[in-house]
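The values are calculated or read from the model by the stated rules, or taken from the named source; none is laboratory data. Keep in mind the model is a prediction, meaning the values are calculated, not measured. Reconstructed Cβ throughout: ideal geometry from the backbone, glycine too, with neighbour counts over all protein chains shown. Protein only, heavy atoms only, side chains kept; ligands, DNA and RNA dropped before computing areas. Shrake-Rupley method; radii C 1.70, N 1.55, O 1.52, S 1.80 Å.
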Amino acid sequence: MNARILPHVTGPLGGLFTAPGDKSISHRVVLLALLADGPCRATGWLDCADTQSSLAAARALGATTAQDGDVVAITPPAALPSGPLLIDCGNSGTTARLLMGVLAGLLPAGGAVVTLTGDESLRRRPMARVVDPLRRMGADLRYAVQDGRLPVVVRGAALRGVDHELAVASAQVASALLLAGLGAEGRTLVRGAAGARDHTERLLRDLGVPVGRDPIGSSVDGPCRLPAFSLAVPGDPSSAAFFQVAAALVPGSRVLSRGQSLNPTRVGALRVLERAGALVVGEPAGKAVTDAGGEPRGDVEVRAGCLRPFMVDGAEMPSLVDEIPVLAVLATQCPGRSVISGAAELRVKESDRLALLARNLKRLGAAVEERSDGLVIDGPCSLRGGATGTPLVFETAGDHRIAMAMAVATLCTNGETALDDEACVGVSFPGFFNVLDRLLAGGDPARP
Ligand code: S3P
């Protein structure tokens with residue numbers, strides 16, 4: 001066991017932090033570079049296990065990559081490999097799903113046969129949501145072992161644009177279809193992803209690709225190549241949220257997140273924090289910078305206030321889906337009943353997050369009811385860990401966001417706690433504990 005005793009509150013959290021680069025945008029930089037006409041580059045790029053899966057996939061497909069800290073350069077392949085390829089997407093659903101779309105539109109008929117697989121967690125996650133609509137475009141995708149799951153074998157085929165209506169408001173699926181659409185004949189329209197993160201659409205539009213995004217949906221007209229690009233990746237709001245919730249939980253705290261994404265499809269957790277009584281001060285209107293890539297970026301200050309219970313429902317879910325674990329922790333300290341509903345998607349993330357949250361929080365003594373699509377939490381609860389030397393060990397199932405959420409829960413827990421796997425935070429945020437320690441010590445502006 002790789003157990004870590006989690007840090008306790010040493011006083012209010014304070015100071016500046018710069019969240020690591022946005023994970024969704026960092027993946028897209030690499031995967032869209034495969035479709036570009038020349039070398040692409042990004043600064044502020046997130047270096048973590050998940051994005052390294054995308055980078056390794058790009059190399060397997062013949063791209064040249066170079067990385068110096070948070071600067072990454074990707075030169076697309078002059079020619080795609082012709083032999084069979086096995087690409088391991090690790091723990092990364094974004095790599096697997098977006099790459100299916102990229103490959104479906106990129107591989108020539110009769111060219112390389114590419115098998116996509118992943119770790120145990122990723123091989124359990126649903127893939128039909130991408131495979132079925134891609135097949136309607138003419139893509140040749142086959143399950144190697146079990147229907148609906150990785151490994152999936154992709155062969156080149158001629159694609160045609162299709163009108164899609166998504167069953168799940170998923171940005172990964174919408175992005176996969178739009179990227180496939182760049183290699184298809186005619187218009188690809190994707191409806192049903194309203195409210196989901198729109199990084200692919202913004203980036204494509206910024207590159208001069210006319211992308212419709214309106215109440216009807218997003219569309220691209222293919223076939224279409226992308227120009228080379230260079231962009232700056234803003235800080236990831238899903239990573240910033242751990243410290244913002246921590247600041248809301250510990251009286252007297254005040255933290256400032258520098259240069260984080262202010263994309264409206266990503267800041268749902270800040271809206272919830274405000275409703276829950278935290279003081280949230282965003283970048284004054286008009287001062288947010290819009291980076292190349294079309295992404296708004298700015299500073300956000302969060303201060304502890306007087307907590308109140310909150311509701312989150314399905315309509316809001318796409319804008320905070322990855323922040324539910326830490327928002328559930330927040331709910332344990334809000335006086336009254338907080339209800340999270342419309343969150344069934346959490347059951348098919350890196351773990352069954354609803355089940356794991358309910359189990360871990362109940363073991364701490366929180367009043368949590370697990371429902372099929374959410375959690376009902378009655379607060380405030382006094383949370384209890386183990387005795388010194390016999391910590392209560394949280395079950396993470398290797399899920400990075402569960403691990404970081406439980407580290408935040410420890411800030412309002414008496415007694416010792418540990419994670420059964422601290423290394424899993426490296427899936428999205430390798431410097432997480434350093435930033436947490438710094439903010440607990442009063443803060444320091446350095447980027448993790
Ligand atoms: C992501 C979309 C979301 C999110 C995931 C990253 C993306 O997943 O949970 O961490 O980069 O498009 P869904 O598309 O399944 O909602």
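Compactness ratio for the chain: Cα radius of gyration over 2.2 N^0.38 Å (N = residue count) comes to 0.96. A full extension of the chain between residue 271 and residue 144 corresponds to an added length of 41.5 nm, given 0.36 nm per residue minus the alpha carbon distance.
Suppose R0 equals 60 Å; then what is the FRET efficiency for residue 414 and residue 109 from their Cβ-Cβ distance, rounded to the nearest 0.05? Computed FRET efficiency for residue 414 and residue 109: 0.40.
Rounded to the nearest 5, what % of the DSSP beta bridges within the chain are antiparallel ones?
65
Stretched out straight at 0.36 nm per residue, the stretch from residue 441 to residue 372 would grow longer than its current Cα-Cα span by 20.9 nm.
So between residue 132 and residue 120, what do we pick up on full extension, going 0.36 nm a residue minus the alpha carbon distance?
2.1 nm
With the helix formula -39500 (n - 2.57) applied to DSSP H stretches of n ≥ 4, the chain reaches a computed 222 nm mean residue ellipticity of -8500 deg cm²/dmol.
Computed about the Cα centre, the dipole magnitude for the chain is approximately 360 debye when only Lys and Arg (+1) and Asp and Glu (-1) carry charge, each at its Cβ. Across the chain, the longest run free of exposed loop sites, meaning trypsin sites (Lys or Arg not before Pro) lying outside DSSP classes H, G, I, E and B with no more than 15 other Cβ atoms within 10 Å, spans 1-224. On region 23-212, 49 percent of the accessible area sits on carbon and sulfur atoms, based on a 1.4 Å probe. Selection among 364, 186, 377 by position relative to the dipole of the chain gives 186 as farthest towards the positive end (Cβ unit charges, Cα centre). Only Cα pairs under 8 Å and 6+ residues apart enter the sum, and on that basis the relative contact order of the chain stands at 19 percent. Karplus-based coupling profile of region 55-63, in residue order and whole Hz: 5, 5, 5, 4, 5, 4, 8, x, 6, with θ = phi - 60° in 6.51 cos²θ - 1.76 cosθ + 1.60 and x standing for Gly or Pro. Seen against the Cα atoms of the chain and their longest principal axis, helix 93-106 is set at about 10 degrees.
Per residue, the average separation of C-alpha pairs within less than 8 Å and at least 6 apart gives region 355-396 a relative contact order of 34 percent. When only the Cβ of Lys, Arg, Asp and Glu is charged (+1, +1, -1, -1), the dipole of region 23-212 relative to its Cα centre reaches about 400 debye. The alpha carbon gyration tensor of region 23-212 gives principal lengths a ≥ b ≥ c with a/c below 1.5, which makes the shape rounded. Mind jotting down the distance between the C-alpha centroids of region 26-65 and region 383-448, whole Å? Computed from Cα coordinates, the inter-centre distance equals 29 Å. Judged by the mean number of other Cβ atoms found within 10 Å, the most tightly packed of the peptides 13-22, 75-84 leads the ranking 13-22, 75-84.
Label zone (residue 67, point 7 Å along Cα-to-C-beta; backbone nitrogen cut-off 19 Å) within region 35-50: 35, 39-50.
With charges set only on the Cβ (+1 for Lys and Arg, -1 for Asp and Glu), what does the dipole of region 1-103 come to about its Cα centre, in debye to the nearest 20? All intermediate terms of the calculation are to be shown ahead of the outcome.
Working: 6 positive and 7 negative charges, 32 e Å.
About 160 debye.
Relative contact order of region 23-212: 18 percent, from C-alpha pairs under 8 Å at least 6 residues apart in sequence.
Can you compute the modelled spin-label distance between residue 163 and residue 344, with each label point 7 Å from Cα toward Cβ, in nm? So the label points at residue 163 and residue 344 sit 2.6 nm apart. Accessible area per residue for the chain is 35 Å², calculated with a 1.4 Å probe on protein heavy atoms, without ligands, DNA or RNA.
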